[in-house]
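Asker: Before I ask anything, here is the structure I am working with.
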Amino acid sequence: MKTFPTLIDRFGRQISYLRLSVTDRCDLRCAYCIPKGFRGFEVPAHWLNFAEIERLMAIFVRSGVSRIRLTGGEPLLRAQLPLLARRLAALPGLEELSLSTNATRLEDHAQALRDAGVSRVNISLDSLIPEQIKCLTGQDAFAKIMAGIDAAQQVGFSPIKINMVIVPGVNDREIDDMVAFCRDHRLILRLIEPMPMGDSGRTIAPHDLQETRQRLTQRFDLIPALIPGDGPAYYLQDPEGTFNVGFITPISRHFCATCNRVRLTVDGILHLCLGQEARVDFRTLMRSGASDEELTLALRAAVELKPERHEFREFPEKIMRFMSSTGG
Ligand code: SAM
């Protein structure tokens, strides 16, 4: 069996996971993410085309990345996404291709993505109240999201995770309902503390999920769980092990010591940390004629730049870009 090299950073962390943003556009305007009226999207001439993405991903996978998640912006806004997914899923050495989506267009594309080799999806859902979804996202999108979740289940994505960002005073009262909904629909729930990314992220008050975790443990009779390889979430499960709820707590209890991921934006910038500025411009390298070997060396050098940790708590004003431009 062929063995693949590994990417290890200065702090001994193995970088095996890439979030690949295929667009910075989104059809929603979530209160904590893209500001309403935002116009500063990347120009199409800077978007990596499918051939560039495939070439770069082949290099990343040969270098030690074994999991890729398609994200954005809203990845389903990128035309022909299933075509790209098929090309990436076929890369020798890639163990998993997954997708993060707001699900507004998932009903139409779920089957094609599944057929293309996407095995699992994460879906953003901050509320079970249609009016609240409209208020939080700026769109009357609840019915479409629900149809998307249904389609994801029908075509057999597994697992399906629901991401709920907790916005204090807006949807924090809905946490218990969301737990019950996900338990009853066999979905994994992940509760997320809002991060102070860009002006939009900073408008949301912090929400410490440690208390919520304790409360839910008692209310739903949950016990600690381990979901192997699952990155930055702490999980609880029901005693039968049929339902899991995770807590992504970048503010109250960060998980940087085990961070295994980097992020590539639609315009080919590799970000080494969500909450720091360390980055390497792979688009310019590729478009100025870098060979595969040079790109491989650039990736190894980039991983050396990965910061030890983010500083969302200490310097909440630091990161001006918002999540959708980095690739959430
Ligand atoms: N559109 C896709 C989706 O909805 O999953 C992918 C991109 S979206 C930026 C990825 C995730 O980032 C979503 O779950 C979203 O709720 C989350 N997100 C965006 N801004 C955030 C912030 N300031 N703090 C915490 N999570 C955020």
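Asker: I'd like the Karplus ³J(HN,Hα) series for the range 243-256: coefficients 6.51, -1.76, 1.60, θ = phi - 60°, whole numbers in Hz, and an x wherever there's a Gly or Pro.
Answerer: After applying 6.51 cos²θ - 1.76 cosθ + 1.60, I find 9, 10, 10, x, 10, 9, 10, x, 8, 7, 7, 6, 10, 5 Hz.
Asker: Related question: Please give the net charge around A302, taking every other residue with its beta carbon less than 11 angstrom from that of A302, where Lys and Arg add +1 and Asp and Glu add -1.
Answerer: 0
Asker: Further question: Report the extension gain between E293 and Q153 in nm, rounded to one decimal, defined as 0.36 nm multiplied by the number of residues separating them, less their alpha carbon distance.
Answerer: Length gained, E293 through Q153: 46.3 nm.
Asker: Here's a follow-up. Suppose R0 equals 51 Å; then what is the FRET efficiency for I223 and A278 from their Cβ-Cβ distance, rounded to the nearest 0.05?
Answerer: So the FRET efficiency works out to roughly 0.85.
Asker: Would you mind checking the range 28-66 for residues with the amide N under 18 Å from a putative spin-label position 7 Å along Cα→C-beta of Q14?
Answerer: Those under the cut-off are 60-66.
Asker: Rounded to whole Å and sorted largest first, what semi-axes of the equivalent ellipsoid does the C-alpha gyration tensor of the range 17-326 yield via the square root of 5 times each eigenvalue?
Answerer: Square roots of five times the eigenvalues give 30, 22, 20 Å.
Asker: Moving to a separate point now. Starting at the first residue of the range 257-273, write each ³J(HN,Hα) from the Karplus equation 6.51 cos²θ - 1.76 cosθ + 1.60 with θ = phi - 60°, in whole Hz, x for Gly and Pro.
Answerer: 3J(HN,Hα) across the range 257-273, in whole Hz: 5, 10, 5, 10, 10, 9, 10, 10, 7, 4, 9, x, 9, 8, 9, 8, 7.
Asker: For the residue pair N49 and F181, what label-to-label distance in nm results when each label sits 7 Å from Cα along the Cα-to-beta-carbon direction?
Answerer: Taking the simple label geometry, N49 and F181 are separated by 4.2 nm.
Asker: Additional query: Can you tell me the 0 to 90 degree angle between the C-alpha axis of helix 292-304 and the longest principal axis of the chain, rounded to 10?
Answerer: The answer is roughly 50 degrees.
Asker: Amide H neighbours of N122 under 5 Å, at least 5 residues apart or on other chains, H built in the peptide plane: list them.
Answerer: Amide H neighbours of N122: L99, S100, T101, K161.
Asker: What is the spin-label model distance, in nm, from E95 to D27 if the labels are put 7 Å beyond Cα along the C-beta direction?
Answerer: The two pseudo-label positions are separated by 3.4 nm.
Asker: Then there's this: Could you tell me the relative contact order of the range 17-326? Use alpha-carbon pairs under 8 Å, at least six residues apart, and round to a whole percent.
Answerer: Reported relative contact order: 20 percent.
Asker: Among residues other than P239 whose Cβ falls under 13 Å from its Cβ, what is the net charge (Lys/Arg +1, Asp/Glu -1)?
Answerer: Result for the local shell: -2.
Asker: Quick test of your reading: applying the under-4.7 Å Cβ rule, which cysteines of the chain are isolated?
Answerer: C26, C135, C182, C256, C259, C273
Asker: Right, something else. For the range 19-74, give the magnitude of the charge dipole about the Cα centre (Cβ charges: +1 Lys/Arg, -1 Asp/Glu; no others), in debye to the nearest 20. Please report the intermediate quantities before stating the final value.
Answerer: Values: 9 positive and 6 negative charges, 39 e Å.
My answer is approximately 180 debye.
Asker: Give me the lysines in straight-line cross-link reach of K161: C-alpha distance below 28 Å, same-chain residues under 8 apart excluded.
Answerer: Within reach: K36, K134, K144, K306.
Every read-out reported here was derived from the displayed coordinates using simple, explicitly stated rules and does not represent laboratory data. Computed from a predicted structure; not experimentally measured. Cβ coordinates were reconstructed from backbone atoms using ideal geometry, including for glycine residues, and neighbour counts include every protein chain displayed.
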